[in-house]
Amino acid sequence: MAEAGAAPRVVVVDYHKGNLSSVARGLADAGARVTVSDEPGVIAAADGVVLPGVGSFGDAMAYLRESGQAEALLAAVGRGAPFLGICLGLQLLFERGDETDDGSWAAGLGVLAGSATRLESTRLKVPHVGWDQLHLTERGRACPLFAGVPEGANVYFTHSYALDDDVDDAVVAARTHYVRSFASAVWDGRAVFGVQFHPEKSSAVGGVILANFARVVGEAGR
């Protein structure tokens with residue numbers, strides 16, 4: 001829990017798959033105290049946790065399990081620490097994904113029900129890279145992560161996999177239409193959030209979203 005008067009302490013999970021500086025910098029600019037860590041104990045004790053999007057589903061889950069980070073993430077979520085999954089970090093919240101070397105299913109964290117699968121198209125370019133629109137659902141309009149974010153706001157995507165149609169509409173906060181209408185943001189109604197896009201690359205709108213998450217973390221720690 002954050003000390004009285006202190007900014008919320010948000011841990012960005014380092015699972016050794018890429019550069020996390022842009023995520024950390026975006027959160028710091030939004031007012032959070034940011035720690036980038038691969039230590040399970042630090043992750044489990046954080047005021048809020050961000051799981052960024054780097055690498056493939058299967059490789060990421062293998063590392064999270066072997067390192068003890070998966071258990072730490074589930075412990076943090078279990079005690080109600082606000083959680084934000086970004087891009088692959090969103091997908092890992094779910095039960096399974098087929099971004100593996102042989103296309104078989106890999107088990108995810110299983111916090112939410114559903115799966116992540118490849119965007120397949122003979123007409124549109126995959127990966128989906130660039131600016132695209134967020135279409136907020138009723139849940140999304142009530143979601144604290146999107147306070148001050150207008151319907152149809154443009155955010156930045158770079159991905160080849162997305163949540164599939166087996167994801168419960170009840171947790172879908174926003175949809176984006178590319179190849180298929182996929183859930184581009186989710187919220188469990190408590191403190192678990194996930195976005196397929198990159199808020200740290202989404203200019204002013206992304207800054208609002210990260211600031212909203214920092215505020216959620218601060219309020220949770222009071």
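Only the coordinates and a few stated rules stand behind these numbers; no lab work does. Remember, it's a predicted structure, so these values are computed and weren't measured experimentally. Positions of Cβ are backbone-derived with ideal geometry, glycine not excepted, and every protein chain shown enters the neighbour counts.
At a glance:
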| item | result |
| --- | --- |
| Trypsin sites (Lys or Arg not before Pro) within segment 39-123, DSSP loop, no more than 10 other Cβ atoms inside 10 Å | R79, R123 |
| Using a Förster distance of 25 Å, the FRET efficiency for D169-D102 (Cβ separation, nearest 0.05) | 0.20 |
| Sites matching GluC sites (Glu not before Pro) across segment 2-98 that sit in DSSP coil, with at most 16 neighbouring C-beta atoms within 10 Å | E3 |
| Residue among H16, V192, S104 farthest towards the positive dipole end of segment 9-220, charges placed on Cβ | V192 |
| Charge dipole magnitude, Cβ of K and R +1, D and E -1 - the chain, Cα centre, debye nearest 20 | 640 debye |
| Relative contact order (%) - criterion: Cα under 8 Å, at least six apart; region: the chain | 21 percent |
| Rounded to 5, the percent of DSSP beta bridges in the chain classed as antiparallel | 55 percent |
| Helical contribution to [θ] at 222 nm, DSSP H n ≥ 4, -39,500 (n - 2.57), averaged over the chain, rounded to 500 | -8000 deg cm²/dmol |
| L74/Q133 FRET efficiency (R0 45 Å; Cβ-Cβ; nearest 0.05) | 0.85 |
| Estimated FRET transfer efficiency when R0 is 41 angstrom, pair D38-A142 (beta carbons, to 0.05) | 0.75 |
| Structure-derived P(r) over Cα pairs in 10 Å bins from 0, in percent - corresponding label in (1) 7, 22, 28, 18, 9, 6, 5, 3, 1, 0; (2) 8, 34, 37, 16, 4, 0; (3) 9, 38, 39, 13, 1, 0 | (3) |
| Cβ-based net charge around V34, under 10 Å, with every Lys or Arg adding one and every Asp or Glu removing one | +2 |
| Normalised contact order of segment 71-157, rounded percent, pairs of Cα under 8 Å and 6 or more residues apart | 19 percent |
| Inter-centroid distance (Cα atoms) of segment 90-118 relative to segment 144-220, Å | 18 Å |
| 5 angstrom amide H check on A153, placed H, neighbours 5+ away | L134 |
| For segment 100-159, size of Cβ-based charge dipole, Lys and Arg +1, Asp and Glu -1, in debye | 140 debye |
